[in-house]
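The values are calculated or read from the model by the stated rules, or taken from the named source; none is laboratory data. Predicted model only: the values in this text are computed from it and were never measured. Here the Cβ positions follow ideal geometry from the backbone for every residue, glycine too, while neighbour counts run over all protein chains shown.
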Amino acid sequence: MLIGGSDHSVDKKGRIFIPSRFKSDFGESVVVCACVFGKKCLWGFSEEGFERFCDKLNKQPYGKMQNMYRHLSDTAAFAYLDASGRILLPAELREFAGITSDVHIVGMKNNIEIWSPENWSAEKETFSSVDYASIIDEIGFSFGE
């Protein structure tokens, strides 16, 4: 399971370290693509995870999912883990996400998000415990269960 957050540097070639706790979830490569939810971050999936996500999209009517699938497919790239546990983020994806010298990686259970520190800081400003409380109520969560 991909959980937790961590900060990493981007080297001169555009490579970042994948946290060691995530490596077994990815295998030899990470499918990296631009986020499709209007967020300026990158998504990272295992090959199987990306296939599962795309399979769910393909169950939707073509007219409903075609632009999202085009966006995913156009921006997706295989990033192979090197011997040091780094992947290369393509320049166009770094530009899309505003990534220059550092990144913040967030585990999202089935995938990761890769953020520039500036975009991550702005994203955290949108977090609201009031919103979280209503979600917890909607799913019927209780510590007593």
(request) Only residues that are part of a helix (DSSP H, G or I) and either touching a Ser or Thr at 6+ places or on another chain (Cβ under 8 Å) or crowded, with 17+ Cβ neighbours inside 10 Å (or both): list them for segment 86-95, please. (result) Glu92, Leu93, Arg94
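Let's see how each residue does on (1) hydroxyl-bearing (Ser, Thr, Tyr); (2) without any contact (Cβ under 8 Å) to a residue 40 or more places away in the chain; (3) crowded, with 16+ Cβ neighbours inside 10 Å:
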| site | (1), (2), (3) |
| --- | --- |
| Gln66 | no, yes, no |
| Ser84 | yes, no, no |
| Ala97 | no, no, yes |
| His104 | no, no, yes |
| Gly107 | no, no, yes |
(message) So, Asp55, is that one modelled with pLDDT under 90 and either outside any strand (DSSP E or B) or closer than 19 Å to Ser6 by Cβ (or both) or not?
(response) no
(request) Can you tell me which residue within segment 23-64, out of those that are among the aromatic types (Phe, Trp, Tyr) and within 21 Å of Gly85 (Cα to Cα), is surrounded by the fewest Cβ atoms within 10 Å (Cβ to Cβ)? (result) Phe50
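Just to be sure before I move on: is Leu2 under 14 Å from the mean Cα position of the chain (by Cα), at pLDDT below 95 and among the aliphatic types (A, V, I, L, M) in the structure I sent?
On the way: under 14 Å from the mean Cα position of the chain (by Cα): yes; at pLDDT below 95: no; among the aliphatic types (A, V, I, L, M): yes.
For Leu2, the condition - under 14 Å from the mean Cα position of the chain (by Cα), at pLDDT below 95 and among the aliphatic types (A, V, I, L, M) - is not met.
Which of the residues spanning segment 1-57 are among the basic types (Lys, Arg) and in contact with a helix residue (DSSP H, G or I) (Cβ under 6 Å, 6 or more places away or on another chain)?
The first filter runs over segment 1-57 and keeps only residues among the basic types (Lys, Arg), leaving 12-13, 15, 21, 23, 39-40, 52, 56.
The one that is among the basic types (Lys, Arg) and in contact with a helix residue (DSSP H, G or I) (Cβ under 6 Å, 6 or more places away or on another chain): Lys40.
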(request) Name every residue in segment 28-82 that is among the basic types (Lys, Arg) and closer than 25 Å to Lys124 by Cα, in order of residue number. (result) Lys39, Lys40
(request) Among the numbered conditions (1) assigned to a loop (DSSP other than H, G, I, E, B); (2) under 20 Å from Glu123 (Cβ atoms); (3) in contact with a strand residue (DSSP E or B) (Cβ under 7 Å, 6 or more places away or on another chain); (4) of a type outside the set (Asp, Glu), tell me where Val106 comes up short. (result) (1)
(request) From the list Phe78, Phe127, pick out the single residue that is at pLDDT 95 or above, aromatic (Phe, Trp, Tyr), surrounded by fewer than 16 Cβ atoms within 10 Å (Cβ to Cβ) and under 27 Å from Ile18 (Cβ atoms). (result) Phe78
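Given the options Leu72, Leu42, Leu89, Leu93, name the one that is at pLDDT below 95 and under 13 Å from the mean Cα position of the chain (by Cα).
Numbers: Leu42 fails: at pLDDT below 95; Leu89 fails: at pLDDT below 95; Leu93 fails: at pLDDT below 95.
Of the residues listed, the single one that is at pLDDT below 95 and under 13 Å from the mean Cα position of the chain (by Cα) is Leu72.
Among what's in segment 109-124 and is outside any strand (DSSP E or B) and out of contact with any Gly (no Cβ under 7 Å at 6 or more places or on another chain), pick the residue that is surrounded by the most Cβ atoms within 10 Å (Cβ to Cβ). Can you show your working first?
From segment 109-124, those outside any strand (DSSP E or B) are 110-111, 116-124; that's our starting set.
Subset that is out of contact with any Gly (no Cβ under 7 Å at 6 or more places or on another chain): 117, 120-124.
On the way: Pro117: 15, Trp120: 20, Ser121: 11, Ala122: 13, Glu123: 16, Lys124: 10.
Restricting to residues being outside any strand (DSSP E or B) and out of contact with any Gly (no Cβ under 7 Å at 6 or more places or on another chain), the top hit is Trp120.
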